[in-house]
Amino acid sequence: MKSPRILLVDDHAMFRSGLALLIRAAMPDAHIHECASIQEASAAELDGVDVVLLDIHLQGLSGLEGIDLMHRRWPDAPVLMLSSQSEPETVRLAIARGAAGFVSKAETADDIVKAIDRALHGNSAAPAASPDAQGERRLTPRQCEVLDLLSQGMSNKVLARQLSLSDNTVRRHVQDILMFFDVGSRAEAVAAARRQRLIG
């Protein structure tokens, strides 16, 4: 396997540097790029990324808000959320927004490295202690994007132009979102998403 390219986004410099050292010790061939914010990560000039480690609490855009941006920039790179919190609700929010998994900062170095390795090999890294988050239906990054625009009151035609999609594709995304929240209207879907803090 080629040397893994890892993007580490965390605004706590000490933790970021310490985690980078741990990863390099376990994966000597890894190329690790460190950033302190979503904005810095989005502007980074990188040839490619194989996995993103993204802190859930960041200055500026939060990790949850940044998942879709990371997917847009590196669509093939799984995003692992980092957090000192591991409550099922926090995990569920991360997974629903499109994260490939969730890594608690309270885990051992070995467990964190194993989670990264599983993500690199295409396996889930959701914590075993949170079964509700595993196998749960989730919104795709594109559906999250459609949901954000729905919350702004955009019609399907405007959505299609905004996202450069066909009208049929937008209609399908909207129907999938209604099914996800088990509701009958766009307004109800937006209300449900706000209750679950998937959108602002």
* Summarise the long-distance tail of P(r) for the range 141-195 by giving the % of C-alpha pairs beyond 16 Å. => 29 percent
* Mind checking which lysines have their Cα closer than 29 Å to the Cα of LYS105? Skip sequence neighbours fewer than 8 apart in that chain. => LYS2, LYS114
* Farthest toward positive dipole pole in the chain [+1 Lys/Arg, -1 Asp/Glu at C-beta], among GLY60, VAL174, LEU139 -> VAL174
* To do: Would you mind checking which residues have amide H under 5 Å from ILE32's amide H? H placed 1.01 Å from N; only 5 or more apart, or other chain.
  => ILE6
* Dipole in debye (nearest 20) - the chain, about Cα centre, beta carbon charges: Lys, Arg +1; Asp, Glu -1 -> 660 debye
* Take every Cα pair under 8 Å in the range 141-195 that's 6+ residues apart, average their separations, divide by the length, and report that relative contact order as a whole percent. => 33 percent
* Fluctuation leader among HIS57, HIS71, HIS12 - the chain, Gaussian network, Cα springs under 10 angstrom -> HIS12
* Go through the range 40-46 residue by residue and turn each phi into a ³J(HN,Hα) via Karplus (6.51, -1.76, 1.60, θ = phi - 60°); whole Hz please, and just put x for glycine and proline. => 5, 5, 5, 8, 5, 8, 10
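Any read-out appearing in this document is the output of simple, stated calculations on the displayed coordinates, not a laboratory observation. Worth saying up front: this structure is predicted, and the values here are computed from it rather than measured. All Cβ positions, glycine included, derive from the backbone under ideal geometry; neighbour counts span all protein chains shown.
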